[in-house]
Amino acid sequence: MSTQPQQVDNNDYSAFLNEAGWGDASVEALAADMGLRRYFLLKRGDEKALLMDMSRAGILETGLAEFIKVDEFLRGININAPEIYYSNLESGLAVIEYLGDQSFGDVLKEGEDPNALYGTATDILIKLREGAGTENNLSLPNYKDTLIWERLPQFVDYYMPASGGAAPSEDAHAEYQKVWQEIETSLPEPQKIICLADYHLENLIWRDEQEPPYGIIDFQDAFWAPCAYDLLNLLHDARNTVPDDIINEMKVRYCADMNAEEKESFEAWYCLMSAQFHCRVIGLFIKFAQEGRGQQFLPHIPRLQGYLRENLKNPLLKPLKEFIEGHSISIEKTIGV
């Protein structure tokens, strides 16, 4: 039996909710994210749950089966992911635990102690690293088999011409890929673990009155990669500037149990994957603007440029620096679309 979900019409939710035992609940649509997933708040008296529609995922993105697999793993190592009350792989629908409506990002803006928030977020990653083992037992895709890696050339396609460089070409793409290969082969072997792919304050739910004081969402795109990926995603957030003292403190915290060799490897891969992350995202934000999918991301580009300028101070990234300079790519120019 195929488990490839078909896109579900909104009118079909009632039948699924009846199957799940939530047919008598009210259904309230929640704001959509940038992916193919949709969420609805279910209310029944004092009870709440989430209807998660992943019927459109599984084609360009990972789907419900992957969400369930990672969810069970996280809960198995005592990371507070939502309980799955009911699911149907054929429809791509699930009813899951409602963890709350305030993210770490929300409470940070309201004045919650940033050291406590980032400390908790970093401790989750430490627990994940300790519980992930040294083998990819979940058969997750490797980093280079994901859309994240596939979209790395967006830097050439969109940022290079927007910043004053030449139009993208096959030669530029080939050179760009060679740059990353050259850098990676110069680095020490990384520790690889399960990475959650989209780890930032908005995907952590604040549960101050409960234990543990957090919940974690949106991890269905998890992959197998160097352990630095999630931490740099958290600390080099594309939409929020994290103070340098917190960045340094959390990196020390994450690496506290590593020996000198492991720390050296971590720092090298942190720098490399940070640069890759920001090259991809800076291209993505320009792509969204050019396609009419939102100008709201453009104000974040100066932050990404700042991250890249800092990355390029590291001698390990000399090939990338030479590529950027050789193609007249500015990482200081104000970008307008």
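The values are calculated or read from the model by the stated rules, or taken from the named source; none is laboratory data. All values derive from a computational prediction rather than experimental measurement. Cβ atoms come from the backbone with ideal geometry, glycine included; neighbour counts cover every protein chain shown. Heads up: the accessible areas ignore ligands, DNA and RNA and are worked out on the full protein's heavy atoms, side chains in. Shrake-Rupley method; radii C 1.70, N 1.55, O 1.52, S 1.80 Å.
Selection within the stretch 4-40: residues that are in contact with a Ser or Thr (Cβ under 8 Å, 6 or more places away or on another chain) and not in a loop (DSSP other than H, G, I, E, B). The member of this set that is modelled with the lowest pLDDT is Asp12.
Exactly one residue out of Leu51, Leu89 is in contact with a Phe, Trp or Tyr (Cβ under 6 Å, 6 or more places away or on another chain) and either modelled with pLDDT of 95 or more or farther than 23 Å from His200 by Cα (or both): that is Leu51.
Can you confirm whether the stretch 187-201 contains a residue that is within 23 Å of Leu117 (Cβ to Cβ) and assigned to a helix (DSSP H, G or I)? Yes, the stretch 187-201 contains a residue that is within 23 Å of Leu117 (Cβ to Cβ) and assigned to a helix (DSSP H, G or I). Candidates in the stretch 114-165 are the residues that are among the charged types (D, E, K, R) and in a loop (DSSP other than H, G, I, E, B); of these, the one that is surrounded by the fewest Cβ atoms within 10 Å (Cβ to Cβ) is Glu135. Gln295 meets all of the listed conditions (1) among the polar types (S, T, N, Q); (2) part of a loop (DSSP other than H, G, I, E, B); (3) out of contact with any helix residue (DSSP H, G or I) (no Cβ under 6 Å at 6 or more places or on another chain) but one, namely (3).
Summed over the stretch 320-336, the residues that are surrounded by fewer than 16 Cβ atoms within 10 Å (Cβ to Cβ) and not hydroxyl-bearing (Ser, Thr, Tyr) give a count of 6. Entry remark, the stretch 219-248: residues being part of a helix (DSSP H, G or I), open to solvent by 10 Å² or more (accessible area, probe 1.4 Å) and in contact (Cβ under 8 Å) with a residue 60 or more places away in the chain number 0 in total. Of all residue pairs spaced 6 or more apart or on separate chains, those with beta-carbon atoms under 8 Å, a first member in the stretch 265-291 that is farther than 18 Å from Ser330 by Cα and part of a helix (DSSP H, G or I) and a second member that is of a type in the set (Phe, Trp, Tyr) and modelled with pLDDT under 95 are Phe288/Phe297; Ala289/Phe297. Residue-level check: of (1) closer than 16 Å to Ala222 by Cβ; (2) among the basic types (Lys, Arg); (3) in contact (Cβ under 8 Å) with a residue 40 or more places away in the chain, Lys144 misses just (3). Answer with yes or no whether Glu170 is closer than 30 Å to Asp113 by Cα and open to solvent by 60 Å² or more (accessible area, probe 1.4 Å). Criteria not met by Glu170. In summary, Ala289 fulfils each of the numbered conditions (1) closer than 19 Å to Glu202 by Cβ; (2) surrounded by fewer than 23 Cβ atoms within 10 Å (Cβ to Cβ) with the single exception of condition (1). Taken together, the residues in the stretch 71-113 that are aliphatic (A, V, I, L, M), in a loop (DSSP other than H, G, I, E, B) and open to solvent by 40 Å² or more (accessible area, probe 1.4 Å) amount to 1. For the stretch 249-264, a residue qualifies if it is in a helix (DSSP H, G or I) and open to solvent by 10 Å² or more (accessible area, probe 1.4 Å), and the qualifying residues are Glu249, Lys251, Val252, Arg253, Ala260, Glu261, Glu262, Lys263, Glu264. Inside the stretch 100-109, residues that are among the hydrophobic types (A, V, I, L, M, F, W, C) and at pLDDT below 95 make up a count of 0.
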